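Colleague: Structure below; questions to follow.
All of the numbers you see were taken from the coordinates with simple rules; none came from a lab. Keep in mind that this is a model prediction, so the values were computed, not measured. Quick reminder, even Gly has a Cβ in these numbers, built from the backbone with ideal geometry, and neighbours come from all protein chains shown.
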Amino acid sequence: MTTRRSKTAPAGLSREGIVDVAIRVADADGTAAVSMRRIAQELGVDPMSLYRHVGAKDGLLDLMTDAVIARIERVEPGATWMETAREQMLAARRTVLRHPWTAEVLKARPVPTPAALRYVDTVLGILRGGGLSPALAHHALHALGSRLLGFSQDLYDDGGDTDPAAARAQAAALAPHMPWVAEMVLEASHGGALGGCDDDVEFAFSLDLVLEGLERHRVLALAAEAAPGA
């Protein structure tokens, strides 16, 4: 005789399984599509059975974000602390790009999730191991900001594609009133437009800029300590 299982307490339902399905839904359709009803439908269970495992949607989003951050590869030490830090943040970027909704969830969270804190601890270990003082490592976290986790909080969303002819027309219209912006549109922007920037190029450029500045401060601090009378 077989026993019919209640849909409110299905066997084998777990937090990890729910989170994995929710991540797949968010990857495909964004976080707006993540609902208890949708996840339950994907799993073939009653929506109420999910709450005991993951709480409400905000709690589920936190668990999803933690799961993604936990997937970030921890890189092997490079020749210098800068190389290691750079590769670690590029590894984070590769993970975030596979789950692009993660950046928006992280931006909306006032405090870091547990996995985010563990990842920050990994980065701090790289910085401290490279000779940065606790104070300079603290400054580094602020200077790097969201780049620690592989994304940039840009002033504007400039990742779209723009037709070159439209870009030239845009620059011509701007030139009489905003000559420096017009110049940038034609000479400096990727694809010659306000938009269409290569986010990976800009991410790596800004990351290198910050890391090089931190190394300069590290060297200056060592020189100051070694100076007579220091």
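Colleague: Tell me, which longest segment in the chain has none of the trypsin sites (Lys or Arg not before Pro) that fall in DSSP loops with at most 16 further Cβ atoms within 10 Å? Walk me through the numbers before you get to the answer.
Modeller: Values: sites that count: 4, 5, 7, 71, 74.
Within the chain, the longest run free of exposed trypsin sites (Lys or Arg not before Pro) spans 75-230.
Colleague: Contact order normalised by length for the chain, with contacts defined as Cα pairs under 8 Å and 6 or more residues apart; what percent is it? The partial results should precede the final answer.
Modeller: Details: 221 pairs, mean separation 35.5, N = 230.
Computed value for the chain: 15 percent relative contact order.
Colleague: Next question. Provide the FRET efficiency to the nearest 0.05 for the residue 120-residue 14 pair, computing r from the beta carbons and using R0 = 25 Å. Walk me through the numbers on the way to the answer.
Modeller: On the way: r = 27 Å, r/R0 = 1.10.
Result of the calculation: an efficiency of 0.35.
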